[in-house]
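Presented below is the structure to which this report refers.
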């Protein structure tokens, strides 16, 4: 049985506030979904996170299709290694991306998450969250957030403060005690959070980037994942993006919810296992 898959994507803005192509990437395969969130580059000398995410997604798609039984972490490690080798990327001095991988057979659904793009499976027992929260546990400086809370807005001072915060975060990337993300070190793949669910217990799976998950925390637009799923399945995933964006439009200067940009890229995937592609109920 083939699940029904719906994808909603929307570009945010760059550090200059201008709309530019989304750095989130979604690839849908016959038995897998790849979702990546390329990190906005704070160093103009480096390729963009979207550039990296698109290349990594291509490598992952080819490997998922060509090696359907290979361990997901091994597939990811091989993809990271290939992109780094082909483009001369160096650990600690390269663009990066989150990774969320979902793959299924007739009997099992597998999930892998690296950094903050979670997967939520809805089963008979309720929502089952697969998330990598290590970046959330890092000590947070107050710099750019305090500036925004005090009404500083998204000007040049904000960009300077954001770059300073980014330098601190970069020192904790792909090291023990820090956080792990796809970049140029293949070993990061084996630090991913993983789980499996019996296929016959799963009704729906959500995959999302942080431009969507912020609708739960910190915005509180949705009380929980169940509320987000209910809207996505009744009104479509675009309606979820609409509500998150509406909250941001009510806080244009970031005083209520200090954040790096007024609008982040958004990507949401809804995989419905209760109805196959013919529309027949399971």
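The values are calculated or read from the model by the stated rules, or taken from the named source; none is laboratory data. No experiment lies behind these values; they were computed from the predicted model shown. Backbone-built Cβ (ideal geometry, glycine too); neighbour counts: all protein chains shown.
Restricting 154, 144 to residues that are part of a loop (DSSP other than H, G, I, E, B), over 21 Å from the mean Cα position of the chain (by Cα), buried (at least 21 other Cβ atoms within 10 Å of the Cβ) and on the phi < 0 side of the Ramachandran plot narrows the list to 154.
Against the criterion of being under 18 Å from the mean Cα position of the chain (by Cα), closer than 30 Å to residue 226 by Cβ, modelled with pLDDT of 95 or more and surrounded by 14 or more Cβ atoms within 10 Å (Cβ to Cβ), residue 97 qualifies. How do the pairs read when you match residues in the stretch 53-79 that are in contact (Cβ under 8 Å) with a residue 60 or more places away in the chain with residues anywhere that are in a helix (DSSP H, G or I) and loosely packed, with under 14 Cβ neighbours inside 10 Å, using Cβ under 8 Å and keeping only pairs 6 or more apart or on different chains? That search, which allows pairs on different chains as well, returns 77/187. For residue 211, the conditions (1) under 27 Å from residue 163 (Cβ atoms); (2) surrounded by 20 or more Cβ atoms within 10 Å (Cβ to Cβ); (3) touching a helix residue (DSSP H, G or I) at 6+ places or on another chain (Cβ under 6 Å) all hold with the exception of (3). Residue 251 satisfies every condition listed in (1) more than 27 Å from residue 29 (Cβ to Cβ); (2) surrounded by 14 or more Cβ atoms within 10 Å (Cβ to Cβ); (3) touching a residue at least 12 places away in the same chain (Cβ under 8 Å) except (3).
With 166, 178 as the choices, which residue is at pLDDT 90 or above and crowded, with 16+ Cβ neighbours inside 10 Å?
178 is the lone residue from the list that is at pLDDT 90 or above and crowded, with 16+ Cβ neighbours inside 10 Å.
In the stretch 213-224, the residues that are on the phi > 0 side of the Ramachandran plot and touching a residue at least 24 places away in the same chain (Cβ under 8 Å) form no Cβ pair under 6 Å with any partner that is surrounded by 20 or more Cβ atoms within 10 Å (Cβ to Cβ) and part of a loop (DSSP other than H, G, I, E, B), whether six or more places apart or across chains.
Being at pLDDT 95 or above and out of contact with any helix residue (DSSP H, G or I) (no Cβ under 8 Å at 6 or more places or on another chain): is that true of residue 142 here? It is false that residue 142 is at pLDDT 95 or above and out of contact with any helix residue (DSSP H, G or I) (no Cβ under 8 Å at 6 or more places or on another chain).
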